[in-house]
Amino acid sequence: MSVIYLDNNATTKVDPEVVQVMLPYLTEYYGNPSSMHTFGGQLGKAIRSSREQLAALLGADESEIVFTSCGTEGDNAAIRAALLAQPEKRHIITTQVEHPAVLNLCKQLETQGYSVTYLSVNRQGMLDLAELEASLTGNTALVTVMYANNETGVIFPIEEIGMRVKEYGAIFHVDAVQAVGKIPLNMKTSTIDMLTMSGHKIHAPKGIGALYIRRGVRFRPFLIGGHQERGRRAGTENAPGIIALGKAAELEMLHLEEATKRERKLRDRLENALLASIPDCEVNGNPMHRLPNTTNIGFKYIEGEAILLSLNQYGICASSGSACTSGSLEPSHVLRSMGLPYTILHGSIRFSLCRYTTEAEIDAVIAVMPGIVERLRALSPFKNDDASWLQGQEKAVIGARG
Ligand SMILES: *Cc1c(COP(=O)(O)O)cnc(C)c1O
């Protein structure tokens, strides 16, 4: 069975052109770029041109790019560096809907003497800038906010946030893992001090990412060791990964405009068809301020995981934001922060497209979804209305605890 892959916010297929350019660096050119001999040293040139390609995508200078192993490392490195550079400041501002790479680090920092403000979002997943302004103080070392949310696709007003952050002299870090390649970025005209990106979300392999660090921003390395990356990230360079990331960045730039237009059209086609053919469902997240490739839809009175398993039987890959912690399904922290009612919280599904998504694939999903939802609702022991569904949920929770 062929796979219909609509889970591109989780990870993406490596572009065949990317595989082509990286292969020689796994076979023939396996040297260490730091070596004195020509065999290793020749990698330096390829790495330099990758750095140029990535800098071009971000509108940055090559000297401002540091290669990392992943988005999680970039987030950790940026947050720790900002705190180490300003040891007298002990306050961090972030949001309730960040990726765990930011959220769980912030929770840990709270146990180490930092105070953290977790900005709330409204029902549409949007921030209140007045809350940000009220939280900023001279003691704020760092504001770390994601560019676009991985679950809902909601885009935050990054430059409006950055302007306020700069008034207070705090460092501004942005997790742009979901924004790179989907939104045009230009660090030259931005208020962002540090920006995280990850290769495997833009058709490069897993295990490579990058951190943009604005020139002049004080930085302390996260990994301590050799002098690689101008002392900003120790460890022998992942040359095949870096070369892959450079190519992936070049392709993102090449495709950005036309691909996002196409994806938005296909995403809207999917969304509109599902909303029209399935009763009791709604889109989660602000429909205007949203990535073009993402839709998160709540189907009332059923479990998202049951929908995913049914889709899986058709080879369709999607996702729900739920995390399986200790055997019970915790609804997504993002949707919970939006204050969605329980009936929607449990039945939400994310479809995320990419430049390979075809109209035929979207139509296949449109064809099977109404039947899946109808069957699951018919199987449900509870009547499909809010009151009896909630009653059933309470019984199930009590049952699970007992
Ligand atoms: C995927 C993701 C990350 C983590 O990136 P990895 O490369 O998987 O570590 C961080 N933030 C966001 C918003 C993401 O979507």
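Here are the numbers:
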read-out	value
Counted residues, region 214-226 - those being within 21 Å of Ala55 (Cβ to Cβ), touching a residue at least 24 places away in the same chain (Cβ under 8 Å) and of a type outside the set (A, V, I, L, M, F, W, C)	4
In region 248-273, residue nearest to Met22 (Cα to Cα) [restricted to those that are touching a helix residue (DSSP H, G or I) at 6+ places or on another chain (Cβ under 7 Å) and surrounded by fewer than 18 Cβ atoms within 10 Å (Cβ to Cβ)]	Met253
Matching strands (runs of 3 or more DSSP E) fully within region 303-386 where at least 1 residues are at pLDDT 95 or above	348-352
Filter result (within 16 Å of the ligand (Cβ to nearest atom) and either outside any loop (DSSP other than H, G, I, E, B) or at pLDDT below 95 (or both)) within region 6-42	Asp7, Val18
Single residue of Glu98, Glu64 found to be of a type in the set (D, E, K, R) and within 13 Å of the ligand (Cβ to nearest atom)	Glu98
Every residue from region 172-189 that is open to solvent by 20 Å² or more (accessible area, probe 1.4 Å) and over 18 Å from the mean Cα position of the chain (by Cα)	Asn186, Lys188, Thr189
Yes/no for His203 being surrounded by 23 or more Cβ atoms within 10 Å (Cβ to Cβ), more than 18 Å from Leu127 (Cβ to Cβ), modelled with pLDDT of 95 or more and within 16 Å of the ligand (Cβ to nearest atom)	yes
Every residue from region 271-286 that is touching a residue at least 24 places away in the same chain (Cβ under 8 Å) and part of a loop (DSSP other than H, G, I, E, B)	Ile278, Asp280, Asn284, Gly285, Asn286
Only one of Thr144, Thr72 that is within 16 Å of the ligand (Cβ to nearest atom), modelled with pLDDT of 95 or more and not in a helix (DSSP H, G or I)	Thr144
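The values are calculated or read from the model by the stated rules, or taken from the named source; none is laboratory data. This structure is a prediction, so every number in the text was calculated from the model and none was measured. Glycine gets a Cβ as well: all are built from the backbone with ideal geometry, and neighbour counts include every protein chain shown. Calculation scope for accessible area: heavy atoms of the full protein, side chains included, ligands and nucleic acids excluded. Shrake-Rupley method; radii C 1.70, N 1.55, O 1.52, S 1.80 Å.
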